[in-house]
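Values quoted throughout were computed directly from the atomic coordinates according to the rules given, and no laboratory measurement underlies them. Every value quoted in this text rests on a predicted model; they were computed, and no experiment measured them. Reconstructed Cβ throughout: ideal geometry from the backbone, glycine too, with neighbour counts over all protein chains shown.
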Ligand SMILES: Nc1ncnc2c1ncn2[C@@H]1O[C@H](COP(=O)(O)OP(=O)(O)OP(=O)(O)O)[C@@H](O)[C@H]1O
């Protein structure tokens with residue numbers, strides 16, 4: 001099995017009842033690449049991200065991560081893979097509002113049974129790195145949208161994932177705040193060599209990526225120009 005790419009979808013199909021969200025989507029993501037996934041609303045972008053991330057199991061064909069078939073793994077193994085190798089940033093609602101910013105960042109490590117002291121020692125520098133050290137003890141429900149998204153980013157990166165999956169990470173933010181979050185996301189990914197799959201509607205956000213693909217009618221097209229027809 002080829003390990004040239006870190007992550008691949010090969011001819012992936014996925015339906016929800018009568019809705020055929022993916023109809024033979026194929027995509028290859030190189031190591032340390034930042035890939036933007038664009039396309040119209042309802043075209044299958046989020047479904048593709050969920051399949052690549054081992055959240056949804058495709059109805060047909062393959063997802064391969066680092067040379068291993070993900071779609072045939074047990075639910076428990078896919079959960080383990082997501083926890084250990086992947087990080088996630090979504091548009092909304094990822095933080096536990098009652099917990100402080102620092103607790104939220106430490107949470108994935110605590111859930112992975114990292115000793116408490118070590119988890120907090122690992123989490124604190126991420127808040128600092130994302131310009132949030134003054135907000136470490138604030139409850140996340142009290143943060144602004146941009147601050148909350150930076151905490152979510154710190155939480156997604158704290159265990160040094162191999163792949164960061166970001167689904168409209170700036171979708172709820174104003175332009176300037178969104179740019180700030182994207183700069184932090186891209187810089188952190190480049191410094192850590194983390195591969196990024198970034199779903200976005202916004203061409204300005206996609207411009208941060210190394211490459212973009214367009215999803216249309218459940219299939220992935222490799223260049224925007226080929227999507228026009
Ligand atoms: N959990 C689900 N249950 C039922 N239908 C779903 C589900 N998830 C997605 N769909 C349907 O599958 C199709 C593709 O949805 P998906 O969310 O992947 O598109 P998208 O390109 O990410 O859209 P958007 O840009 O609007 O978020 C849509 O018709 C959607 O309604």
So what is the calculated 222 nm ellipticity per residue for the chain, using -39500 (n - 2.57) for each DSSP H run with n of 4 or more, over all residues, to the nearest 500 deg cm²/dmol? -10500 deg cm²/dmol
Between 149, 91, 118, where does the largest GNM mean-square fluctuation fall for the chain, given springs only between Cα atoms within less than 10 Å? 118
Taking the Cα centroid of the stretch 93-110 and of the stretch 147-189, what is the distance between the two, rounded to the nearest whole Å? 15
Over the stretch 109-229, what is the relative contact order in whole percent, taking alpha-carbon pairs under 8 Å and six or more residues apart? 18
Do you know the relative contact order of the chain, to the nearest whole percent, from alpha carbon pairs under 8 angstrom that are 6+ apart? 29
How far is helix 116-129 tilted, in degrees, relative to the longest principal axis of the Cα atoms in the chain, given as a value from 0 to 90 rounded to the nearest 10? 80
Need one number: % antiparallel among DSSP beta bridges in the stretch 7-227, to the nearest 5. 55
Percent antiparallel among DSSP beta bridges confined to the stretch 149-229, rounded to 5, stands at 40
Would you order 135, 13 from fewest to most other beta-carbon atoms within 10 Å of each residue's own beta-carbon? 13, 135
Nearest 10, in degrees from 0 to 90: the angle of helix 175-192 to the longest Cα principal axis of the chain is 90
Counted neighbours (other Cβ, 10 Å), sorted fewest up, put 90, 165 in the order 90, 165
For residue 84 and residue 59 in one chain, what is 0.36 nm times their gap in residues minus the Cα-Cα distance, to one decimal in nm? 6.5 nm
Tell me, Kirkwood radius of the stretch 92-174 from alpha-carbon pair distances, in Å? 12.6
Angle between the chain longest axis and helix 101-111 axis [Cα atoms, degrees, rounded to 10]: 60
Going by how many other Cβ atoms sit within 10 Å of their own, how do 98, 168 line up, fewest first? 98, 168
Distance between modelled label sites at residue 222 and residue 175, nm, 7 Å Cα→Cβ extension: 3.3
Return the inverse of the average 1/r over all pairs of distinct C-alpha atoms in the chain, which is the Kirkwood hydrodynamic radius, in Å to one decimal. 17.9
How are the C-alpha pair distances of the stretch 6-124 spread across 5 Å bins, as whole percents from the shortest bin up? 2, 10, 18, 18, 17, 15, 11, 7, 3, 0
